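Only the coordinates and a few stated rules stand behind these numbers; no lab work does. Keep in mind that what you see is a predicted model, and the values were worked out from it rather than measured. Note: ideal-geometry Cβ built from the backbone for every residue, glycine included; neighbour counts use all protein chains shown.
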Amino acid sequence: MAPMKTVSIPRLELCASVLLARWMARILKIFDGKLTINGLYAWSDSQVALAWLMNSHVSFKVFISNRVHQVRQLIPSCRWLYVRSAENPADCASRGILPSELPVHALYWSGPTFLKNPIETWSMLVPSVPVEQLPEFKPVSLAVQVTSNKKWFCRFSSFINMIKVVAWMRRFIGLCKKRTYSNNFLSREEINHSLMVIVQFSQQRWFPELILDLSRGRGAARPLSSLRPFLNSQNIVCVGGRLLKSDLADAEKHPMLLSKESHLSLLIARHWHLVTCHSGPRVITSLIIRQFWILSMRSVIRKMIGNVLHVSELLPNRHIP
C-alpha cells in the first residue's frame, strides 16, 4: 500500500485506512445477503488522516485525493471515528511487542474496552482540523483580469487640486451613504484621508509585490530591503530609519514610500518647487522627506526643474572661456 519512496506519517496512516477499507469491503461482500448490517464504523488514531477523509477529495493533491476517493468508493456508508493511540490495537504490532507479552495482551486480542459497551456510549467526536491547515491541501488559483483605469491619476497638474478632488469625491460617496458632515468646507481629517487614499493607490500601482510580501510577514527584496519598509496601520508602505527613537512626528520618522515613476512624485516635487519660489533640489528634498520618501528623489526634482520652461529661461548661461 505504501510507495517505495519515503513519505510522511499522515500519508502512511491514510494508506492504512485504504487497506482497512479494502478488507471491510471484502468482508461485506462475503456476508452480503447472509447478515443484516445496521452500520459500519472505522477508527483511526491519525487526526490528519481523519480530516482528509472528512473533506472532499478534490481539495487535496493527487496522492491524497486518489486514496480518499478510493476509501469512499469501497465503503461509502462507513462512519470514521477517532481512537486514542493508547486504545488502538494496531499500535501493538506497529510499535513492537515482546513475544512473551503477546499471548496475554488484552488490547491486541480483544480490542479497546469501549467496543463492549452499547453504541450509544461510544465517543462520536472527531477532532476537527480546518481544511486550509491540512498538509497536502491544494490551493485554489483564480486568475482574474482586471482593467484598471489609471488615466484620471495622470490628469492632474497640481498636488493640492488632486487631494481636493479626491476629498470631494469621498464626501459625495459619504453623502450617498447618508453620512452627515458638520460644515460645507473640507476638514483637515478629510484632506488627510484623501492623501492616504492617493498614496495607497500609487503604491499599489508601483509596488504590488512589495505590498504582498509585507502583508505576508516576509521581508522586502533587494534593493528596497535597505530601506526596511513596513506596512503601517493604514496599510501604507513606510520606510524605517535611524530616527525611530527621535521626538519627531511619525510621518517624519517613517516617510511614505513612492516610486520615481509615479505621477504623484512629480506633483509633490512641483508643489514644493512652487511653494518655495523655485528653490533648488536641496531645499525641495529637505521638505519632501518630512512626509515622503521618493526613490531617486534628486533625479526626479532635477527632471522637474528642467521641464519648467520659465525657470530654465532664468538660469544663467555658462560661457566657456
Legend entry - Whichever aspartates and glutamates have a C-alpha closer than 19 Å to that of Lys164, once near sequence neighbours (fewer than 8 apart) are set aside: Glu189, Glu190
Legend entry - With at most 12 neighbouring Cβ atoms within 10 Å, loop chymotrypsin sites (Phe, Trp or Tyr not before Pro) (DSSP) excluded, longest segment of the chain: 32-180
Legend entry - Kirkwood-type radius of the chain, with distances r between different C-alpha atoms, in Å: 26.8 Å
Inset, instruction - With everything on Cα atoms, drop me the angle between helix 159-176 and the longest principal axis of the chain, reported from 0 to 90° to the nearest 10. - result: 50 degrees
Legend entry - Share antiparallel - DSSP beta bridges, the chain, percent rounded to 5: 35 percent
Legend entry - Calculated P(r) of segment 175-287 - Cα pairs past 19 Å, %: 58 percent
Legend entry - the chain: most fluctuating residue of His193, His273, His105 per GNM, C-alpha cutoff 10 Å: His105
Inset, instruction - List the lysines whose Cα lies under 21 Å from the Cα of Lys61, skipping any in the same chain that are fewer than 8 positions away. - result: Lys5, Lys138
Legend entry - Computed label-point distance, nm, for sites Ile160 and Leu107 using a 7 Å Cα→Cβ extension: 8.1 nm
Inset, instruction - Grab the other residues whose beta carbon is less than 9 angstrom from that of Gly241, score K and R as +1, D and E as -1, and report the net. - result: +3
Inset, instruction - Calculate how steeply helix 62-74 sits against the longest principal axis of the alpha-carbon atoms of the chain, using the helix alpha-carbon long axis, and give the answer as 0 to 90 degrees to the nearest 10. - result: 40 degrees
Inset, instruction - Could you please report the charge total around Leu74, scoring K, R as +1 and D, E as -1 over all other residues with beta-carbon less than 10 angstrom from its beta-carbon? - result: +3
Inset, instruction - Stick to Cα atoms and the Kirkwood definition of Rh, then tell me Rg/Rh for segment 65-109. - result: 1.16
Legend entry - Sites Thr6 and Tyr82, calculated FRET efficiency, Cβ-Cβ separation with R0 25 Å, nearest 0.05: 0.45
Inset, instruction - Could you calculate the FRET efficiency of Met196 with Phe230 from 1/(1 + (r/R0)^6), where r is the beta carbon distance between them and R0 is 22 Å, rounded to 0.05? - result: 0.90
Legend entry - Alpha-carbon centroids, segment 108-129 and segment 1-65: separation in whole Å: 18 Å
Legend entry - Set of lysines near Lys260 by C-alpha distance (under 16 Å), chain-local residues within fewer than 8 positions excluded: Lys303
